[in-house]
Amino acid sequence: PLLPPSPCSPAAMLLVAAGLLLAVLAAGGRGSPAGEQESPPGSRFVCTSLPLEAAGAGCPLPPVPMQGGALPPEEELKATVLQLRETVLQQKETIGSQREAIRELTGKLSRCEGADGKSAAGAWKNEVGKGKDTMGDLPRDPAQVIDQLSRTMQTLKDRLESLEHQLRANVSYAALPNDLREMLQRRLGDLERQLLSKVAELEDEKSLLHNETSAHRQKTETALNALLERVSELEKGNSAFKSPDEFKVSLPLRTNYLYGKVKKTLPELYAFTVCLWLRSSASPGIGTPFSYAVPGQANEIVLIEWGNNPIELLINDKVAQLPLFVSDGKWHHICITWTTRDGMWEAFQDGEKLGTGENLAPWHPIKPGGVLILGQEQDTVGGRFDATQAFVGEMSQFNIWDRVLKAEDIMNIANCSINMPGNIIPWVDNNVDVFGGATKWPVETCEERLLDL
């Protein structure tokens, strides 16, 4: 069986009002349906509406039990919130339990219409409307009643949410219970540890990225340095020859800055032999294959072909013209001998003596401590080159001896029978530096040079 609604609930009020309405309609109607008792004639009921405040005063909320004296404000707020929640739940249960009663009353109201076409509600309104403080808008539509109850529930819900918000706003951290404070501290500690862990991970990733970038940059710099060293080697000439003397110096342009320099200097000499391989097609003249200058004498030893002049040998600024012809673009082996005794000289080309003479700076010893330059004529010791006198071409196997070699030895050197490095200036890689764009390259073999003749 259904429990009767609470006398203070809105649903109970609605049932009372509906019952009064049925009684009034039954008394004022022309007849009642079969099986129903008629009300005494002349009976009238006056329904007085009550304000919500009065209704609320008549149905107070049960007080919250107090334990151990007055509660703190936050506890009172919590208790009020819990009470409001229970009230809302009770209203929901009451509405659900009275729906059947509402439907039954609605059916009865529909059967109370008079035969004259006027509704029972209109007759009730005419009769009761004359009284004082009557509810002239009754009977209400059940849908309206449900809407009003829904609005009441929504109001209670809003009050509940407001109280909860006020509770959260008013309760400070210090006033929280110890267990709640500890829980919050634990959660904050967990969040802090997670944040520190994430920061550590990011730092590790940054460090790894930095290390990878540094390693990549170091690798790149190493590769670039290797390339730069290789380019420098190519600019200075390839020093990785099969043999220290298997290289040539290339001077491709007629300038005053391309040249080679022999690191060693000459001692005091009373005789010498100079031999070298050279190839040039420069015109007019091949220029200066080599020059030796000492302080006070820039033309101590010079071999030069300048302009349309023949090849000349200068010793202590004295000149001898040599019957040599080497400007055909082919490899040629030339040797020159000289001695202080009567200033005797000899000129060899490709192993063959082509000329001889005397009185070239007789009884003049070659001064020591000078500078030996390949490819340029010196106006001062080691400098003041003249581009018009520069050698254009290639040279190799530049050797100097401190004596006059025999013609047989010179022939054997020229035809590749023997290899005789100079005892004063030998042709080795680490004894020759190149400057200004002059380069050192692997030289053709002696046999290949012979085939070029």
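The values are calculated or read from the model by the stated rules, or taken from the named source; none is laboratory data. Keep in mind that this is a model prediction, so the values were computed, not measured. All Cβ positions, even for glycine, are placed from backbone atoms using ideal geometry, and neighbour counts span all protein chains on display. Ligands, DNA and RNA are stripped out before the accessible areas are found, and what is left, the full protein with its side chains, is counted by its heavy atoms. Shrake-Rupley method; radii C 1.70, N 1.55, O 1.52, S 1.80 Å.
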| query | Roughly how much of Leu209 is accessible, in Å² to the nearest 10, using a 1.4 Å probe? | reply | 110 Å²
| query | What is the magnitude of the charge dipole of region 247-451 about its Cα centre, with +1 placed on the Cβ of each Lys and Arg, -1 on the Cβ of each Asp and Glu, and no other charges, expressed in debye to the nearest 20? | reply | 380 debye
| message | To the nearest 20 Debye, how big is the dipole of region 370-453 about its Cα centre, given +1 on the beta carbon of each Lys and Arg and -1 on that of each Asp and Glu? | response | 200 debye
| Among Lys242/Lys330; Lys219/Lys248; Lys261/Lys318; Lys261/Lys353; Lys78/Lys198, which pairs are too far apart, with a Cα-Cα distance over 30 Å? | Lys219/Lys248; Lys78/Lys198
| query | What list of ³J(HN,Hα) values in whole Hz, one per residue of region 200-214 in order, does the Karplus curve 6.51 cos²θ - 1.76 cosθ + 1.60 (θ = phi - 60°) give from phi, with Gly and Pro shown as x? | reply | 4, 4, 5, 5, 5, 4, 5, 5, 4, 4, 5, 5, 4, 5, 5
| Using a 1.4 angstrom probe and counting only protein chains, how large is the accessible area of Leu82 in Å², to 10? | 100 Å²
| field | Heavy-atom accessible area ranking, 1.4 Å probe, most first, across Trp306, Trp427 | value | Trp306, Trp427
| said: Let me check I've understood the local charge: for Gln376, count other residues with C-beta under 12 angstrom from its C-beta, Lys and Arg +1, Asp and Glu -1. What total comes out? | reply: 0
| task | With a probe of 1.4 Å, find how much accessible area region 348-453 has per residue, and write the answer as a whole number in Å². | result | 45 Å²
| If you stretched the chain out fully between Glu161 and Glu205, how much longer would it get, using 0.36 nm times the residue separation minus the C-alpha to C-alpha distance? | 11.1 nm
| Hey, if we sort Met395, Met420 by accessible area with the 1.4 Å probe, largest down, what's the order? | Met420, Met395
| request: Rank Asn415, Ile373, Ala438 by how far each Cα sits towards the positive end of the charge dipole of region 344-453 (+1 on Lys, Arg Cβ; -1 on Asp, Glu Cβ) and give me just the farthest. | output: Ile373
| request: Quick one: accessible surface of Glu86, probe radius 1.4 Å, all protein chains present, in square angstrom to the nearest 10. | output: 100 Å²
| message | Cα atoms only: what Rg and Dmax, in Å, come out for region 327-384? | response | 14.4, 37
| field | Convex hull per residue volume in Å³, alpha carbons only, for region 247-451 | value | 100 Å³
| For Glu444, Glu221, what's the largest-to-smallest order of accessible area, 1.4 Å probe? | Glu221, Glu444
